[in-house]
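Working notes, structure below.
The values are calculated or read from the model by the stated rules, or taken from the named source; none is laboratory data. Not measured: the values here are computed from a predicted model. In this analysis, Cβ positions are derived from the backbone assuming ideal geometry, glycine residues included, and neighbour counts consider all displayed protein chains. Heavy atoms of the whole protein, side chains included, go into the accessibility calculation; ligands, DNA and RNA do not. Shrake-Rupley method; radii C 1.70, N 1.55, O 1.52, S 1.80 Å.
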Amino acid sequence: MTRMHWMGSVCAAMILGLGATAFAQPAATWRDTKLSPDRRAELLLQRMSLDDQVALLHGHFPIIMRPPPQGVPASAGYFPAQPKYGIPAIHESDASLGVANAGRGDKDDAAPLPSGLALAATFDPALAFQGGAMIGREARQKGFNVLLAGGANLARDPRNGRNFEYLGEDPLLGGVLDGASIRGIQSNHIVSTAKHYALNDQETGRGSLSAVIGEAAMRESDLLEFEIAIKAGQPGAVMCAYNRVNGTYACENPALLTGVLKHDWGYPGWVMSDWGAVHSLEAATAGLDQESGQEADREVFFDAPLKAAVKDGKLPAAKVHDMALRVLRSLFAEGVIDHPLQSGGLDTRADSDVSGRVAEQAIVLLKTSPGLLPLAAGAGKIAVIGGHADVGVISGGGSSQVIPLGSVRFPSPKGAPAWGGGIVYHPSAPVKAIRARAKGEVAYADGSDPAAAAALAKGAGVAIVFATQWSTEAMDIRMKLDDEQDALIQAVAAANPHTVVVLETGGPVAMPWLGAVGGVLEAWYPGAQGGEAIAKVLFGEANPSGRLPVTFPTGEDQLPRPELPGYASATVEGPTMAEGPPLQVRYDEGSDVGYRWFAAKGLKPLFPFGYGLSYSSFRYGALKAAGGDDLSVSFTVTNTGTRAGIETPQLYLAAGPHRAQQRLLAWSRIALKPGETRRVALSADPRLLADWSEAGHRWKRDAGRYRLFVGPNAAEPALTGEAVVAAGSLAP
Ligand code: BGC
């Protein structure tokens, strides 16, 4: 309509006696689902008093509230409903690996996924989505609408006691899988976090340590994993970490929260604190929006002090408005407000199948001597030894602990945090699953007597030793098996060279017995159907396809910091949580984390990142590399074995125009029948070809010749090539 026509219509309306009000639109309302989440949040906020806005900004910690709140499940977080605005109560649960349920007694059931590291070993974003979707569904059925999940801390040190919750040492792999898992969770109209932002890379001293690292180094490593995860997963909330970064607490760090997250990445959701991680009201100015589990903080900062600061003019009301807006817009964006929770319908048995699928794809075959694996069903007597394999599979401890019905607990080591009531074994016993498949006798020895175990192994065709390593939040681990298990394996292998070791560990462990054993499987913490998944791989019902998401060093002396800072003097109640004397952890390796460190230093690990065998074999060929404005390759992979199998070809940068520099650029996961050949196309994520330019405040890619390789792992260049790539830059 032209301006003239428009004027004409108004005049005609006035002549007809219609007032201007006849043209007024009905007032916009937050109930209008066609409006954007931000607009709806804005409209709702306009009606809310300061007190009601502030109620969204500080939450309770039901597990430690005294008296416990009525009708509120024992969990990590709770915000009362505000019915006059249609805002439901927020019930938060930890959910990295399933809906965590320590604290809700022995009647609560939930399906545990395998560990995050296991999920990363699948290299499969579709499985990560399915795992997340399963967790989100259970959470809704159990009455939770905000999940403390999406752990995306880089496995910078293999001794970090929480690595099992995270997704390995590579920012691209971890970021892509974390994003997929977050999307899966949020497909249930609930919010997921990404956590713990950032550089919470060891548990020792986490409440006080300062991670010291340069800007480019963190942008290209720890922050890159978050950037990829947050952009792909769009979590409703981001949880900031306990530690300091370059001297300032992560939860009151303006550079991290306001500069990088909200400004550079344009993150629209809210930042919540980790539990007990708020130290001052300045955190609000720095970019923290919500104080979680206020009972865990020294003082409730985001209630009365926040209101007082607004009243005294020390904090603009607009700041509180923005903090509350961020909470509400995510609740609208994910459908938390439009799709109220309806509890019930939980089917943990069906959910366990999702977990079983992850476990099967996650198990990494590290070694097999010819003909040993897969086990023939008629392999004679099988001796199964150790690892409580008659009971179940081990799981990791801490806030992520999932305890399905039927779990069995063993005492945790002296000095360990008591979360979860000890070491929890998920009720999927490998012995039972092996017996179901073996034709001959299966005998079990618990391994407490190495001589008896060796004697049992001597009389068997095959010995399978289950070896475990427990890890937990709030405590770091050594890179070795617990207790006397190395000696047990040595004794069994000396008695029978047909010994297969099944590792259930939180991360890499040294294997002093590797040369003496016939086979090794890394099964991680394999979750609800772990025993079944292990047996399927042992007997060849599933062809192993997991790949290491972390480098396995030969020992701690290969690490950038052979001594874990603060470890020797740490106690659980001491520097781990307390605001103790500041511990500095210098990340001088910069972004050379994991395999990049090994490549930069020319070190040979025990097993490289990306490594994993299959009962098939694969051949790579016919590489074509193309440059220009980006970098892409295509090549063929052929299954040269006699079984159907899955191969995970990986594309790595070997050197940029000016220096050698290894980085994972892309990967694919392909199922091939025997004899089948497939052409695979991969293109590099542009951020991984670039470096972070501090001066230019953007990703910058130099023009020149980029050397690359394609192969089955970070240390095996099956095909090498190069491409000339143009200069480019990318905003953060
Ligand atoms: C952990 C978080 C967790 C929170 C609530 C903290 O100890 O670091 O990952 O979400 O507790 O349980």
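Some notes on this structure:
- Qualifying positions in the range 533-549 - surrounded by fewer than 24 Cβ atoms within 10 Å (Cβ to Cβ) and either in contact with a helix residue (DSSP H, G or I) (Cβ under 7 Å, 6 or more places away or on another chain) or not in a loop (DSSP other than H, G, I, E, B) (or both): LYS536, ALA542
- The range 183-224 - residue that is within 17 Å of GLY590 (Cβ to Cβ), of a type in the set (Asp, Glu) and open to solvent by less than 10 Å² (accessible area, probe 1.4 Å) and, of those, nearest to the ligand (Cβ to nearest atom): ASP201
- LYS231 meets all of the listed conditions (1) basic (Lys, Arg); (2) open to solvent by 10 Å² or more (accessible area, probe 1.4 Å); (3) in a loop (DSSP other than H, G, I, E, B) but one, namely (3).
- Annotation note: Cβ proximity below 6 Å between a residue of the range 268-282 that is β-branched (Val, Ile, Thr) and a residue that is open to solvent by 10 Å² or more (accessible area, probe 1.4 Å) and within 15 Å of the ligand (Cβ to nearest atom) (sequence gap 6+ or interchain) occurs for VAL278/ASP297.
- Unique match (being in contact with a helix residue (DSSP H, G or I) (Cβ under 6 Å, 6 or more places away or on another chain) and within 15 Å of the ligand (Cβ to nearest atom)) among ALA74, ALA100: ALA74
- Residue tally, condition in contact with a strand residue (DSSP E or B) (Cβ under 8 Å, 6 or more places away or on another chain) and open to solvent by 40 Å² or more (accessible area, probe 1.4 Å), over the range 81-93: 1
- Conditions (1) free of Cβ contacts under 8 Å to residues at least 12 places away in the same chain; (2) touching a strand residue (DSSP E or B) at 6+ places or on another chain (Cβ under 7 Å); number of the one not met by GLY602: (2)
- From ALA463, ALA467, residue being in contact with a Leu (Cβ under 6 Å, 6 or more places away or on another chain) and not basic (Lys, Arg): ALA467
- Condition check for SER693: hydroxyl-bearing (Ser, Thr, Tyr) and open to solvent by less than 70 Å² (accessible area, probe 1.4 Å): yes
- Only one of ALA13, ALA22 that is at pLDDT below 95, in a helix (DSSP H, G or I), open to solvent by less than 20 Å² (accessible area, probe 1.4 Å) and away from the ligand (no atom under 16 Å from the Cβ): ALA13
- Identification of strands (runs of 3 or more DSSP E) wholly contained in the range 430-524 with 3 or more residues that are surrounded by fewer than 24 Cβ atoms within 10 Å (Cβ to Cβ) and either over 35 Å from the mean Cα position of the chain (by Cα) or of a type in the set (Phe, Trp, Tyr) (or both) yields 442-445.
- Strands (runs of 3 or more DSSP E) fully within the range 648-732 that include at least 3 residues being within 28 Å of the chain's Cα centre (by Cα) and closer than 18 Å to GLY612 by Cα: 650-655, 660-667, 704-711.
For (1) aliphatic (A, V, I, L, M); (2) buried (at least 17 other Cβ atoms within 10 Å of the Cβ), each residue gets a yes or a no:
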site: THR640; (1), (2): no, no
site: GLU647; (1), (2): no, yes
site: TYR652; (1), (2): no, yes
site: ALA723; (1), (2): yes, yes
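- Of all residues in the range 456-474 being farther than 26 Å from PRO413 by Cα and touching a helix residue (DSSP H, G or I) at 6+ places or on another chain (Cβ under 7 Å), the one that is farthest from the ligand (Cβ to nearest atom): LYS458
- Residue ID - modelled with the highest pLDDT, chosen from residues in the range 574-616 that are β-branched (Val, Ile, Thr) and outside any loop (DSSP other than H, G, I, E, B): VAL585
- Here LEU154, LEU147 are screened, and the one residue that is modelled with pLDDT of 95 or more, part of a loop (DSSP other than H, G, I, E, B) and within 16 Å of the ligand (Cβ to nearest atom) is LEU154.
- Whether a residue is within 16 Å of the ligand (Cβ to nearest atom) and β-branched (Val, Ile, Thr) was assessed, and ILE403 passes this test.
- Of all the residues in the range 234-243, those that are open to solvent by 10 Å² or more (accessible area, probe 1.4 Å), within 11 Å of the ligand (Cβ to nearest atom) and under 15 Å from the mean Cα position of the chain (by Cα) number 0.
- Any hit, the range 165-175, residues being open to solvent by 10 Å² or more (accessible area, probe 1.4 Å), of a type outside the set (Gly, Ala, Ser) and without any contact (Cβ under 8 Å) to a residue 60 or more places away in the chain: no
- Any chance ILE87 is under 30 Å from the mean Cα position of the chain (by Cα), within 16 Å of the ligand (Cβ to nearest atom), aliphatic (A, V, I, L, M) and more than 17 Å from GLN141 (Cβ to Cβ): no
- Residue within the range 52-70 that is away from the ligand (no atom under 16 Å from the Cβ) and acidic (Asp, Glu) present: yes
- Remark: pairs (first residue in the range 189-203, over 30 Å from SER343 (Cα atoms); second residue assigned to a strand (DSSP E or B) and open to solvent by 10 Å² or more (accessible area, probe 1.4 Å); Cβ separation under 9 Å; 6+ apart in sequence or on different chains) = LEU199/ARG244; GLU203/MET475.
Listed here are the residues, each with its yes/no results for (1) without any contact (Cβ under 8 Å) to a residue 40 or more places away in the chain; (2) over 18 Å from the mean Cα position of the chain (by Cα); (3) surrounded by fewer than 22 Cβ atoms within 10 Å (Cβ to Cβ).
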residue: ALA100; (1), (2), (3): no, no, no
residue: GLY103; (1), (2), (3): no, yes, yes
residue: PRO114; (1), (2), (3): no, no, no
residue: ALA126; (1), (2), (3): no, no, yes
residue: VAL146; (1), (2), (3): no, no, no
